[in-house]
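J.: Please find one structure pasted underneath; my questions will follow.
The values are calculated or read from the model by the stated rules, or taken from the named source; none is laboratory data. Just so it is clear, the model here is predicted, and its values are computed rather than measured. Here the Cβ positions follow ideal geometry from the backbone for every residue, glycine too, while neighbour counts run over all protein chains shown. To get the accessible areas, we keep the full protein, side chains included, count just its heavy atoms, and leave off ligands, DNA and RNA. Shrake-Rupley method; radii C 1.70, N 1.55, O 1.52, S 1.80 Å.
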Amino acid sequence: MTGATTGRLREISRRTALGALGAGIMGATVASWPRLSGTDIPGRGDNGLTAGSGK
């Protein structure tokens, strides 16, 4: 292979790796969004106050 072809292949593999990394980060963010935003907490957004289980 010539140097130009090797450089293109290296650039393609770098782009592929960066694209896969970006897709992985986006996927992890989307998958954990309920936890990051606090929507997985029961009663979140209500005007009620819960101060413990009472046990």
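J.: Ignoring ligands and nucleic acids, what accessible area does ARG10 show with a 1.4 Å probe (Å², nearest 10)?
T.: For ARG10, solvent-accessible area is about 140 Å².
J.: Working with all protein chains in place, sort ARG14, ARG35 by solvent-accessible area computed with a 1.4 Å probe, largest first. Don't skip to the answer; put the middle values down first.
T.: Numbers: ARG14 125, ARG35 155 Å².
Final ranking, largest accessible area leading: ARG35, ARG14.
J.: Moving on. Could you please report the charge total around LEU18, scoring K, R as +1 and D, E as -1 over all other residues with beta-carbon less than 14 angstrom from its beta-carbon?
T.: Details: positive: ARG10, ARG14, ARG15; negative: GLU11.
That works out to +2.
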